[in-house]
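The values are calculated or read from the model by the stated rules, or taken from the named source; none is laboratory data. No experiment lies behind these values; they were computed from the predicted model shown. Neighbour counts are summed over all protein chains in view; Cβ atoms, including those assigned to glycine, are modelled from backbone coordinates with ideal geometry. Each accessible area value is taken on the protein alone, full model and side chains, heavy atoms only, with ligands, DNA and RNA left out. Shrake-Rupley method; radii C 1.70, N 1.55, O 1.52, S 1.80 Å.
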Amino acid sequence: MINSTGYIMNVSEFKSKLVAYWSSAGIFLIFAMALTVRSGYSYGATLLLLGALVMLACRSCGIFEGLDKADKYLLATFVIYGLSFILFRFVHVIEAAGFDKPSRFVIGVVLYLFLRRYPFKINWLWYGIAMGTIAGVMIGGYERFVEGFSRAQSNLHPIMFGDISMLLGLLSLTGILYFKALNANRSIVFMMLGSVSGIFASILSGSRGGWIALPVAIIYIFWQGRELLGKKQVRMIFAGSVLLAVAVGCVPQLGVSQRIEEATSNIQNYVSGHNENTSVGMRFQMWKAALYMFSEHPVLGVGKYDLRQYKQQLADQGIIDQAVVHFGHAHNEYLTNLSEYGAIGFILLLLVYLVPMRLFAQKVIRYRNHWQLKSLAMAGVLVPASFMDFALTQSLFSHNSGVMIYILAILIIWAAIRNQEILPVKE
């Protein structure tokens, strides 16, 4: 094979380049299509899975070569989490549909091994994230301002659309630091557009839980990046963010102030007993039901498929309203796990959040002067941190989109860091 420079490539080198483009395309599609196409993340994931299956068929690929202790901690956490929740299905009720979501944590390990064996182009990761938010805000804007939807949602639940949009917008912010280190001005502008689009799409969704993460994440990102950006730019960005937040709150068409006032009114009505069946009030009742179920089954929980039966009993006793019974989870990831899987499930959930966060945080510290690796590590920290925030008001792992985006984002970003560590790095 002869490349554009006239250099003759051997078959092995050509295959590696071809597979690198294949995996890069898969990663780009995962994020670029996540907000606009039904199960859009699955198209890119399927490309990665096909590549991984071909790799597994090749006995001489050495798929476990190069794994260090941190890799094994991360992969073991995902495997233990996935297998444990598959085991819960046997303990409670054996139903094939219940194996789907937890099994993806195990399958994700195979995808990671493929990405380590055949490193991908990191720029495609960043561009896919930004493209996903830009496409998402276009869909969300059309739904809100043309079709007259009260909340943007695309092909997702409004809360999932808002939370994933916010996450991708925050990841785009860290991408600004990545390209700033490379002095790639066009890419910086593209990532800035992606970050604004993600945040704006979340606003259009009316998903208040995702908004809580925004100020904390912005402070984290620009505090970590202050040496690269310079104090003057950080001050300007902070001032601009405050002004933009005030402006957004003052535009009634966006519905931000209305959603905040609605939440305040819902809480007041619930506390006073005037009306407990508001949006927030019903969420409080779901939380109450979850705590009751946990108190009765503290170790293994009541199980996913006996959930409605237990909630019906609570409704019959007048503890919760009948309207709450049909909800399939507690709209809080922590309480969902406590009620359905007990203390063991809750501990496993914390592990799948905290282990990746700790590993990424260690990379942030280690590569504090290597901005490309540091920005990737910061993005890695933001994934579990954001999910832990979103989990306060939504059970993301009860949705395919939440499970897939979490698994893929963690493993892809970690693979990007580990692949770069093969190269000489100035610490």
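Restricting attention to the stretch 336-346, does a residue exist that is in contact (Cβ under 8 Å) with a residue 24 or more places away in the chain, open to solvent by 40 Å² or more (accessible area, probe 1.4 Å) and within 30 Å of Phe90 (Cα to Cα)? Yes, that holds for at least one residue. So, Phe200, is that one within 18 Å of Gly380 (Cα to Cα) and part of a helix (DSSP H, G or I) or not? Spelling it out, it is not the case that Phe200 is within 18 Å of Gly380 (Cα to Cα) and part of a helix (DSSP H, G or I). Consider the stretch 276-296 and keep the residues that are part of a loop (DSSP other than H, G, I, E, B) and open to solvent by 60 Å² or more (accessible area, probe 1.4 Å). The one that is modelled with the highest pLDDT is Asn277.
The residues in the stretch 145-172 that are under 16 Å from the mean Cα position of the chain (by Cα) and surrounded by 24 or more Cβ atoms within 10 Å (Cβ to Cβ) can be counted, and the count is 15. For the stretch 103-138, residues that are open to solvent by 60 Å² or more (accessible area, probe 1.4 Å) and closer than 24 Å to Ser165 by Cβ total 4. Apart from one condition, Gln153 fits all of (1) within 20 Å of Gln258 (Cα to Cα); (2) in a helix (DSSP H, G or I); (3) touching a residue at least 40 places away in the same chain (Cβ under 8 Å); the exception is (2).
Residues that are part of a helix (DSSP H, G or I) and open to solvent by 10 Å² or more (accessible area, probe 1.4 Å) within the stretch 383-400 comprise Ala385, Met388, Asp389, Phe397, Ser398, Asn400, listed in sequence order. If you go through the stretch 363-373 and pick out every residue that is touching a residue at least 24 places away in the same chain (Cβ under 8 Å), open to solvent by 80 Å² or more (accessible area, probe 1.4 Å) and assigned to a helix (DSSP H, G or I), you end up with 1.
With respect to Leu49, is the statement that it is under 19 Å from Trp414 (Cβ atoms) and in contact (Cβ under 8 Å) with a residue 24 or more places away in the chain true?
Working: under 19 Å from Trp414 (Cβ atoms): yes; in contact (Cβ under 8 Å) with a residue 24 or more places away in the chain: yes.
Criteria met by Leu49.
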